[in-house]
Each structure stands twice: as structure tokens, then as C-alpha cells.
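The values are calculated or read from the model by the stated rules, or taken from the named source; none is laboratory data. Please read these numbers as outputs of a predicted model, since none were measured by experiment. Cβ sites come from the backbone with ideal geometry, for glycine too, and all protein chains shown count toward neighbours. The accessibility values were calculated without ligands, DNA or RNA, using every heavy atom of the protein model including side chains. Shrake-Rupley method; radii C 1.70, N 1.55, O 1.52, S 1.80 Å.
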Amino acid sequence: MSNLIQALNSARVRGWLYQGLFLAGALAVAGYLVSNTLTNLANRGVATGFGFLEREAGFEIGESLMSYAASDTYLRALVVGLLNTLSVSAAAVVLATVLGVAIGVARLSSNWMVGRFAAVFVETVRNVPLLLQLVVWYTIMNRLPSPREALEVVPHVFLSNRGMKFPVLADHPGHGWAFLALLAGIAAAIAIVRYGRRRREATGKPFPTLPAAIAAVVLPPVAVFVATGAPLALDVPALAGFNFEGGGSVTPEFTALLIGLSVYTAGFIAEIVRSGILAVPHGQTEAGLALGLSPVQILRLVILPQALRVIVPPLTSQYLNLTKNSSLAVAIGYPDLVSVTNTSANQTGQVVEAVAMMMAVYLVISLCIAGFMNWYNRRVALVTR
Amino acid sequence: MTENAIIELRKVGKWYNSYHALRDVSLSIGKGEKVVVCGPSGSGKSTMIRCINRLEAHQTGHIVVDGIELTDDVKAVEKIRRKVGMVFQNFNLFPHLTVLQNLTLAPIWVRGMAKSEIEEIAMMYLKRVRIPDQAHKFPGQLSGGQQQRVAIARALCMRPEIMLFDEPTSALDPEMVKEVLDVMTELAGEGMTMVCVTHEMGFARQVADSIVFMAEGSIIESGSPAEFFENPKSERTRQFLGQILEH
Amino acid sequence: MSKEVPTNTTTAWAASYEEEPSQASVPPQANGVTALKPLGWAPVNWAKANLFNTPLNTALTVLCLAILWFTVPPMVNWLLLNAVWSGSSEACREAAGACWSIIAVKHRLIFFGTYPYEEQWRPFLACGLFVAMLGISGVRAFWRPALSVAWALVLIAMGVLMWGGILGLTYVANDRWGGLPITLMLSVFAIALAFPLSILLALGRQSSLPAIRTFCIGFIELMRGVPLVSVLFMASVMFPLFLPEGVTVDKLLRALAGLTLFTAAYLAEAVRGGLQAIPKGQYEAADALGLSYWQKTRLIVLPQALRIVIPPIVNQFISCFKDTSLVTIVGLYDLLTAATVATTDPEWRPYFAEVYVFAGMIFWLFCFSMSRYSQWLERLANRYTRR
């Protein structure tokens, strides 16, 4: 008996005991919930398992990056939803970053008025719920005139309640080649920038990095374009009956979601950029000036490398937030992952599986972004003692 | 005003909004001269020294450095900053670069020197400030005294004709002050023109050719160390010396 | 880049330092010194320094003025001068400005949803009590145990007011509640319930016991990795499945549970930040005094950690307040839903902008004042730690 009491006083034994109790409790609760769930599902006559993924979905999806019809499987429908989530998120990430960086820098402007403008923007978008903003954008999109009275913002670009229509280049094999040339040019430009920097460090001689890089990006595609006969024929949207034909288009749902997400997230990114730049002590700028570096060189060699360390981690978590926030699409009828999952769950009744899959997909996206963030942090962490 | 002055301030004035930071400051420093500037805090000594390489812009009067007048002209300022090295109170090393990279950054990007060439010179200066073994560490891994010596080496790598020191030892622990002052004394022995804001009176007595005492934005008096310490002319100086030499 | 001498104040990224120019050597008492100032009229000097100091800035200022010139007069016209403040929708159709009469007609719907019309003084009073309590809670002088008692009383009073059924008040089932009370109650209850949970989670995440640590990390990362919408879906469709047959939980409670779990995960990370900010010496000193784990946590660690995390908690409250608008997706009748419903009335259909501006202003007022408050708290905390 006294042995037992002594054992109970050992920190290690206590630790195991607490954990054992905790696990037992957790398992008991989980078991209770699972058994309830199974009973409930059986009573409702709902099947379990992921077999439903192979069955015919039977619902249409408004927009899709890959071919999809109501006769396709649930699995394909969910992939369509995922692609829609990723495409709107990717586009919004780019837009939000451009807008956010611009506004963050504007808030730091020595021009009082520009600073005020940026501050008003930030304080407005950050303090109104995203959903309200989305609903407003969507309502605006929906209350636009019908295609027959569409607004022609710029020649051949039409805004109507069916979304935005714009001219695209008519299909031509030359475009593919020009695009490849553009990719090659971008790769060459990256190489030139790296080489230019290394050469500058090695020899100290100035190297025309910027003009060379621009030339590398611009010249090859233009050359290919001209060589293939400069196929400039435009596919222009034209009114036919009650809607437009031809041209490219984005739906009102996509447009509303894209604008809403970008504007909202830009407000947060602006604050991140601002605090990142402010985090670099002013002495750094002064030291650069005293050494004779030009303002552009100070920005590039001294301020940005330091500011980016502060900016990138919260920036990636904003990207993650944006991706998660794209799930608000369900409120305005954009067929993203959540919306498609929701429809599937309603039709099959297999709520548990559907929600679990949806959560798993978002978790995987989150883990990827978190993984990147950890890698970046390790790479750039400042060495101190 | 001497003909061979390398730094010349004539009736320099500066305001921060309504606060008058410099009042008609006139000072002439010859080539190779070592000047120590002292005075109570808020007397404008840092402001004056920062005007010499235009970290601060003066509003009235003239500043001429090595024959070039400091004005709005960007090119003139660039030229002067290449000739004038500066050491700050808080070191202002670039934390994201190694010690060696801190030293080579400006020579590569401003002077257009080759990396191999400047690295050799940089190592030479690191040896001079007695920390060649720290070349590949980051500033955050060094002690304050070591950081300040790196900062001196960084300024020297630009081969300046003039060195400005803005309270280089004020942010250091007492036991590190000496190692920095030793480096500065050595540098003075080599004929570098130096303008140094400091409260280290031992250093001033030993190294300075002249001492400038400032209070409330004006130069109260200036003269040789002997004159200044033995025979201060103004009551304000005596009061200051009394406070500072007490301990 | 403008052709300007790069002193410390003319580079664009250094601009924000202008507020405190680098004049470390300048003592504050010297401000009284009279000085010969460069001549000029103060506002003109200010404009020269802040609006027209470089060619680039002059161009930007002109651009901003142009934008203001083209946007402010039409906005003022629409919002105020040409607006219709009361009357029928016919009056609005003829006017060029905003139709605020829709607010006059629909404000009861927007604020209180489908709560019985004659009884709407009850949610009104409840919201008033609530906002008053929020205001009182913001004052440091009231931060004492009695405050939590007061909160408990107010919450009970709110329950009585909203549900009724006693004291001669008619019973109102909570599926008839809507509008502002739903938004306020969900956010405050979610934070209040999430707070203790988040402390447990944060402590668990720091625990030396692997099973508990793993569970807490798993829960926190799961909740932070998925969107709130999916948590709300889970709460609204899966919770009923978890419960034994015949037991039902109403929609409001299910949404509250989802919101609480979600908020707890985020709050736990804030609390963890506070725990990590406590110097190791504090733990060692507590151990050396012979305090047990829970004594150490309760008496030494949490009081310090929670003080640090008050500003992040307020920020979390702001997000939670904004996030409650998502409950509209699972069919609850919050402020935003009420606003949307108000715009669907055929008679008033063209005037959606007015309703959303109004609803947006309510959200903005709450969020903006709270974020200002949290900034003030942060400055206060910094002042204490700097000493």
C-alpha cells in the first residue's frame, strides 16, 4: 500500500496517470459520439463510406475550369469546386498583394494627403465584415443592366448582370509559341538579374541589369509574334439575342468574390507592409546614406531585405486567410469547394464524409502554406546570439 | 577663415519647426586636424556633425567640404558622402549582412570595386581594428565594442578623407570603451581628419588639436586642449567641465 | 525618385519618421527657447512641407485633390443634400439622392428581425444594457471581480428580456430573435466561452505530457486550418448527429458552439504568446517557492500572461464580431441577414445601397471603436513595460 502511494507521488507516474485518464476520457466521449452518429445515420437510412464519390452528381455547376456535366461523378464535382476555390484565391492573392503593397507604401508617404487616403481605405475595409462587402459587390454586379443595355466601360469591354465580357485574341498557333517565348524570356531575365548581381559583386562594374532583363522578357515573344505573322485578330464580344457571344468572360459571382477578397485582404496586407518597413530602424537608412548609397540602393540592399523578414510570415498567413475566406463564396453562389460540398452533402445525406473531406482539403492547403512559412523563416532568421 | 580648411561652416542655422537647433555656427577645420566637439545634451553637437554629410539639411549659412558647397545638389552630396565616413552612436550595422558584407557593400555598389579586391582591403581593416576572426559572423553575434569597431572599419573601407564620430562610445559598456578609443587614437595618429562628438575628456586631451564647446545651438568657445581644460574662458564651460570632470 | 537631396526626410520610405525627427540630442525643455524662425504663415509652411515638398508629392497632391473634387460633391449630394429622409418609396423614385426613408421604414426589421413588433422594446433594452456593459468593461478602473458579477447579472437580465415567459413578459422563442441582438450576443458569448477554453488549450499546448500536448496542438491547428464556414456547417449539420436520439439543440446554440470552438483556437494562440513572453525566471522563482503546478499557473503565470494578451483578445473580439455575420449562411437571422431581407421588399428593392451603407456603418462603428481601444491598450502596455 505504501509502495503504491509512493509510486503515485512520483512525477513520472503521475504524468502517465494523467495522460491515461485524459485518453480514456477522450476515447469514451469519442466512442459515445460515434455510436450516436452511427445510430442516427442508420435511423435516417443514410449510407456511410466514400462510395458516393463514384456516383452521378446530377447537379450542374455554373462555372468550371475543366469539362463538367451533371452526369459526372461527385468526385469530379468536388474537384471542380476545389479548382474554383484555388483559381479565385490565386487571382485574389495577386490583386490583393499589388493593392495592399501600394496602399501600405502610400500610408508611409511623406505626402500627408496620400497618407490620409490610404488610412481611410484601410480603416474602412478592415472594420466592415467581409461577408457584407461581398454581398454589396454581388448586389452591384446583379443590379447592373441586362446585356442589351450593358455598360461599355472601355470599347468592347461590357459590364452587365451576366458578368464582364472582354475581347480576347482569336485562337492562333502563333499565340502558343509567343507564350512559350515569354516564359523563356522570364527565365532568361531571372538568370540575367542573378548574373548581373554576381558580376557587380565580382567586378564592381555597373551592369545594365534592368534594361537587359526587360529586353529579355519583351523581345522574344514580340519576335515570335511577328515571325508567326502577327495574328492580331480579336474575338470581340457581340450582342446576339439576349446575351453576348464570343470574347472572354467572367461571371458576376467570380468578379464579386475576386473584388471583395482582394479589397478586404489588401487592407490587412497594407498594415503588414507598413509595419514591416517601419520595423527597420531609421539608423539603417542613415548608415546607408553616410556610406554614399543612393536611396534606391538603400531600399534594395538595406531596407527591403530586412523588411521582408518581418513582412513575409504575416503575409503568408494573410494568403491563407484569403484562401479560407474564399469559402464565403457559398453566400453569393460561386461554386467553390464549400458550396459544391454543401450541395453534395444535402443530396446524399453523407454529411460527415463531405465535411471531413472539405476540412481535410483546407488543412492540406494550410499545411502547405505553413510549411513554406517555416522554411522561409529558417532561411532568413537573423543570427543573433 | 583659413585657406586650407577642408571643412568650413559659415553662420550655419537650423530649425526643427520652432526649435532653433543651430545658431550661426561658424567653424573651420584644416586637413588632418582632429576636432573634439563637446557640450551638454541638446546643445546641437550631433546636429552640427550630421550637417557635415547632410544627414540633416541646414537652412541658413554655408557648409563647404573639400571645396564643395553642400546644397540641394544631389551630385555634390554624393561626392561629399564618398569623402566623409561616419560612425554612429548605435553602430547601425546592417543586421542581415555578415561583418565582411557590411564592409564591402558600399565599396562595391558606390565605388564600383571588385569583390575580391575590396575583400582584401576589408580584411586588412578588420585586422587593424583587431577582429579579423569575426569576419563571417553576423553583427548580432558580436559585443557592442566589436560592433563599433566593425562600424569604424566599414567607414574606413570607403577610403574617406574625413571621419565623423557621433558619440561613438556612448552606447557601450565601460569595459568596451577603451578598445574603441584605442582604434580611434591609432587612426588619429595616421593623419586622418577627424571630427568627434564625445564626452571622453581623456581622449580629447590626448588626441584633439582643438576642442569645440557648444551649448544651446551655438559654439561657446573653442581652442587647444591645454587652453580649454586649464583656462576655460566662459562661465558656461567651467560649469560643464566641473560636472563632467567630477567623476 | 525625385531629384532631391536624399537627406533623411526626403526618401519616401523614411517619411514616417518625420513626426519625430532625429533630434535625439534636443532636450524637450529647449522648446521654449525663442528663435528666429524662417518667415512664413504656419499653414502655408505646413502645406509646403507635407504636400508640395517634392515634384512627385506635388503631383500626388494634385491627383488626390482631383479625386476629392470628383467624388466628394456627388457623395455629399447623394448622402445628404439630395437625400430623401422620410416618406414613401414614390418620393424616393423622383429624388436624385439616397433614399433614407427605407431606413426609417425598415430600421426595426434591420435591428430586431422578426421579433414581435410590440415587444421590440425588449431587445432594444437588452442591446442598450449590453453596449453599456461593453463600455464599462473598457475602463480600467472597473477591472475588478465585481465586473464579472455585473456581467453575469446583465446576461441573466438579457435572457429574461429576450425570452420572457416570466415577470409578465410574453414568451418569445429564440427562432424569432434576429438582427443586432443576435450579432452582439453571439460574439460576446463566443468570446466569453472561448476564453477559459483557450487558456486550457494554451496550457495544454505547453504541457510536458505528450498526449495532452498532441491533442491540444491537433485541435488548435485543425480549427485554424479550416474556414469558419466549414466549422459552422459542421456545427449545424453534424452536432445533431452526435447527440442521442430525440435530443435536439437549437440552431442558435449550435452556431454558438461552432463559433466558440473556432474562436478558442485563435485565442489559445494569443494566450500562448503571453505565456511565452513571461521570463523563465518567473517559473523558476515559483518553483523555488514550492508552489504546485496549478498554484504556479494561477498565481504567477496567468496574471502576467493575461495582462499581455488583453490587446490581442480585443482584436480577436473584433474578428469574432465581424465573423458572426457568417451565421447567415447556416440560416440564422443576424444583423446582415436582416439587412439583406430588408432589401428584398419589392417596393424598396432599388435602395439596397442605403441599407448596406447603414448596416456597414453599424459594424464599422463597433469595430473601429474597439480597434482604437485595443491600440490604446497596447500603448498603455508598452508604457508599463518600457519602465
### Query
Which of (1) within 7 Å of chain A (Cβ to nearest Cβ); (2) over 19 Å from A:L304 (Cα atoms); (3) open to solvent by 20 Å² or more (accessible area, probe 1.4 Å) is the odd one out, the single condition B:D73 does not satisfy?
(1)
### Filter result (free of Cβ contacts under 8 Å to residues at least 12 places away in the same chain and basic (K, R)) within segment B:69-122
B:K75, B:K79, B:K115
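Do the conditions hold for A:V222, that is, is it outside the structural domain of A:G247 (by TED's automatic domain parsing), among the β-branched types (V, I, T), at pLDDT 80 or above and within 30 Å of B:Q101 (Cβ to Cβ)?
no
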### Task
Enumerate the pairs (first residue in segment A:344-363 and under 19 Å from C:F219 (Cα atoms); second residue anywhere and surrounded by 19 or more Cβ atoms within 10 Å (Cβ to Cβ) and basic (K, R)) with beta-carbon separation below 8 Å, excluding pairs fewer than 6 apart on the same chain, so at least 6 apart or on different chains.
A:Y362/A:K324
### Task
Can you give me the number of residues within segment A:108-130 that are of a type in the set (A, V, I, L, M, F, W, C) and not in a helix (DSSP H, G or I)?
2
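Is one or more of the residues making up segment C:290-297 hydrophobic (A, V, I, L, M, F, W, C), open to solvent by less than 50 Å² (accessible area, probe 1.4 Å), out of contact with any Lys or Arg (no Cβ under 7 Å at 6 or more places or on another chain) and free of Cβ contacts under 8 Å to residues at least 24 places away in the same chain? Spell out the reasoning first.
So the first thing to find is which residues in segment C:290-297 are hydrophobic (A, V, I, L, M, F, W, C), and the list is C:291, C:294.
From what is left, the residues that are open to solvent by less than 50 Å² (accessible area, probe 1.4 Å) are C:291.
If we keep only those that are out of contact with any Lys or Arg (no Cβ under 7 Å at 6 or more places or on another chain) too, we end up with C:291.
Narrowing the set further to residues that are free of Cβ contacts under 8 Å to residues at least 24 places away in the same chain leaves C:291.
Scanning segment C:290-297, I find at least one residue that is hydrophobic (A, V, I, L, M, F, W, C), open to solvent by less than 50 Å² (accessible area, probe 1.4 Å), out of contact with any Lys or Arg (no Cβ under 7 Å at 6 or more places or on another chain) and free of Cβ contacts under 8 Å to residues at least 24 places away in the same chain, so the answer is yes.
Here is a yes/no grid of residues against (1) without any contact (Cβ under 8 Å) to a residue 40 or more places away in the chain; (2) β-branched (V, I, T):
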position: A:A47; (1), (2): no, no
position: A:A57; (1), (2): no, no
position: A:A96; (1), (2): no, no
position: A:V114; (1), (2): yes, yes
position: A:P145; (1), (2): yes, no
### Unique residue being over 25 Å from C:D345 (Cα atoms) and at pLDDT below 75 when the list is C:G168, C:G138, C:G159
C:G168
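Could you tell me which of the residues C:A285, C:A257 is open to solvent by 20 Å² or more (accessible area, probe 1.4 Å), free of Cβ contacts under 8 Å to residues at least 24 places away in the same chain, more than 11 Å from chain A (Cβ to nearest Cβ) and closer than 28 Å to A:L367 by Cβ? Outline the logic, then answer.
Details: C:A285 fails: closer than 28 Å to A:L367 by Cβ.
C:A257 is the lone residue from the list that is open to solvent by 20 Å² or more (accessible area, probe 1.4 Å), free of Cβ contacts under 8 Å to residues at least 24 places away in the same chain, more than 11 Å from chain A (Cβ to nearest Cβ) and closer than 28 Å to A:L367 by Cβ.
How many of the residues in segment C:308-343 are charged (D, E, K, R) and assigned to a helix (DSSP H, G or I)? Don't jump to the end; show me each part of the working.
Taking segment C:308-343 first, the residues charged (D, E, K, R) are C:322-323, C:334.
Those still in the list that are assigned to a helix (DSSP H, G or I) too: C:322-323.
Qualifying residue count for the region: 2.
So which of A:G292, A:G371 ends up being within 14 Å of chain B (Cβ to nearest Cβ) and over 30 Å from A:N142 (Cβ atoms)? Quick ask: steps written out before the conclusion?
Details: A:G371 fails: within 14 Å of chain B (Cβ to nearest Cβ).
From the options A:G292, A:G371, the qualifying one is A:G292.
Being surrounded by fewer than 15 Cβ atoms within 10 Å (Cβ to Cβ) and closer than 22 Å to A:L131 by Cβ: is that true of C:G331 here? Can you show your working first?
Details: surrounded by fewer than 15 Cβ atoms within 10 Å (Cβ to Cβ): yes; closer than 22 Å to A:L131 by Cβ: yes.
Here the answer is yes, as C:G331 does meet what is asked.
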### Filtered residues of segment B:132-174 (kept if crowded, with 21+ Cβ neighbours inside 10 Å, more than 18 Å from the chain's Cα centre (by Cα) and at pLDDT 90 or above)
B:Q134
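Of everything in segment A:265-283 that's within 13 Å of chain B (Cβ to nearest Cβ) and open to solvent by 10 Å² or more (accessible area, probe 1.4 Å), which residue is farthest from B:I52 (Cα to Cα)? Steps first, please.
We begin by selecting, within segment A:265-283, every residue within 13 Å of chain B (Cβ to nearest Cβ); these are A:279-283.
Going one step further and asking which of them are open to solvent by 10 Å² or more (accessible area, probe 1.4 Å), we end up with A:279, A:281-283.
On the way: A:A279: 27, A:P281: 22, A:H282: 19, A:G283: 17 Å.
For segment A:265-283, the residue satisfying everything is A:A279.
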### Summary
Taking segment B:111-133 and the residues there that are touching a Ser or Thr at 6+ places or on another chain (Cβ under 8 Å) and either assigned to a helix (DSSP H, G or I) or closer than 18 Å to A:L304 by Cβ (or both), the one that is nearest to the other protein chains (Cβ to nearest Cβ) would be B:K115
### Task
State all residues of segment A:286-298 that are of a type outside the set (D, E, K, R) and surrounded by 20 or more Cβ atoms within 10 Å (Cβ to Cβ); if no residue qualifies, say none.
A:A287, A:G288, A:L289, A:A290, A:L291, A:G292, A:L293, A:P295, A:I298
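In segment B:117-167, which residues are at positive phi and either of a type in the set (G, A, S) or touching a strand residue (DSSP E or B) at 6+ places or on another chain (Cβ under 7 Å) (or both)?
To start, the set of residues in segment B:117-167 that are at positive phi comprises B:130, B:159, B:167.
Once the filter is applied, which keeps residues that are at positive phi and either of a type in the set (G, A, S) or touching a strand residue (DSSP E or B) at 6+ places or on another chain (Cβ under 7 Å) (or both), segment B:117-167 yields only B:E167.
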### Message
Just the residues that are in contact with a Lys or Arg (Cβ under 6 Å, 6 or more places away or on another chain) and of a type in the set (G, A, S), please, taken from segment C:155-203.
### Response
C:A202
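May I ask you to verify whether B:A215 is within 18 Å of B:S26 (Cβ to Cβ) and out of contact with any strand residue (DSSP E or B) (no Cβ under 8 Å at 6 or more places or on another chain)? Spell out how you get there, then give the answer.
Numbers: within 18 Å of B:S26 (Cβ to Cβ): yes; out of contact with any strand residue (DSSP E or B) (no Cβ under 8 Å at 6 or more places or on another chain): yes.
Yes; evaluated as a whole, the condition is true for this residue.
Might you check whether a residue that is within 14 Å of A:V135 (Cβ to Cβ), open to solvent by 50 Å² or more (accessible area, probe 1.4 Å) and of a type outside the set (S, T, N, Q) occurs anywhere in segment C:364-373? Working first, answer last.
Quick first cut of segment C:364-373, residues within 14 Å of A:V135 (Cβ to Cβ) only: none.
No, there is no match, as no residue in segment C:364-373 is within 14 Å of A:V135 (Cβ to Cβ), open to solvent by 50 Å² or more (accessible area, probe 1.4 Å) and of a type outside the set (S, T, N, Q).
I'd like the full set of residues that are surrounded by 18 or more Cβ atoms within 10 Å (Cβ to Cβ) and out of contact with any Gly (no Cβ under 8 Å at 6 or more places or on another chain), limited to segment C:212-227. Please lay out each step first, then the result.
Initially, segment C:212-227 is screened for residues surrounded by 18 or more Cβ atoms within 10 Å (Cβ to Cβ), giving C:212, C:215-216, C:219-220, C:223-227.
Result: C:F219, C:I220, C:M223, C:R224, C:G225, C:V226, C:P227.
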### Task
Please work out which residue is farthest from A:L301 (Cα to Cα), limiting yourself to segment A:213-227 and to residues that are touching a helix residue (DSSP H, G or I) at 6+ places or on another chain (Cβ under 9 Å) and surrounded by fewer than 16 Cβ atoms within 10 Å (Cβ to Cβ).
A:A227
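Which helices (runs of 4 or more DSSP H) sit wholly inside segment C:120-214 and have at least 3 residues that are in the same structural domain as C:Y333 (by TED's automatic domain parsing)? Before the answer, list the steps.
On the way: elements: C:121-137, C:145-163, C:180-206.
Because the criterion is at least 3 residues that are in the same structural domain as C:Y333 (by TED's automatic domain parsing), the helices (runs of 4 or more DSSP H) in segment C:120-214 that meet it are C:180-206.
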### Query
Since C:L169 meets every condition but one in (1) buried (at least 19 other Cβ atoms within 10 Å of the Cβ); (2) in contact (Cβ under 8 Å) with a residue 24 or more places away in the chain, which condition does it not meet?
(1)
### Message
Which pairs turn up if I take residues in segment A:294-311 that are at negative phi and at pLDDT below 85 and look for partners that are of a type in the set (V, I, T) and crowded, with 19+ Cβ neighbours inside 10 Å with beta carbon separation below 6 Å, at least 6 apart in sequence or on another chain?
### Response
A:P295/C:T11
### Task
List the helices (runs of 4 or more DSSP H) that sit entirely inside segment A:1-107 and contain at least 1 residues that are at pLDDT 75 or above and open to solvent by 70 Å² or more (accessible area, probe 1.4 Å).
A:11-44, A:74-107
### Query
Residue check: is A:I311 within 14 Å of chain B (Cβ to nearest Cβ) and of a type in the set (V, I, T)?
yes
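Do we find a residue being within 10 Å of another protein chain (Cβ to nearest Cβ), crowded, with 24+ Cβ neighbours inside 10 Å and farther than 23 Å from C:A49 by Cα anywhere in segment B:28-41?
Taking segment B:28-41 and keeping what is within 10 Å of another protein chain (Cβ to nearest Cβ), we get B:39-41.
Going one step further and asking which of them are crowded, with 24+ Cβ neighbours inside 10 Å, we end up with B:39.
From the residues that got through so far, the ones that are farther than 23 Å from C:A49 by Cα too are B:39.
Checking segment B:28-41: at least one residue is within 10 Å of another protein chain (Cβ to nearest Cβ), crowded, with 24+ Cβ neighbours inside 10 Å and farther than 23 Å from C:A49 by Cα.
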### Query
Considering segment C:79-96 alone, what residues qualify as being open to solvent by less than 80 Å² (accessible area, probe 1.4 Å) and under 31 Å from the mean Cα position of the chain (by Cα)?
C:L79, C:A83
#### Entry: Tally, over segment A:137-158, of residues that are at pLDDT 80 or above, surrounded by fewer than 21 Cβ atoms within 10 Å (Cβ to Cβ) and of a type in the set (A, V, I, L, M)
1
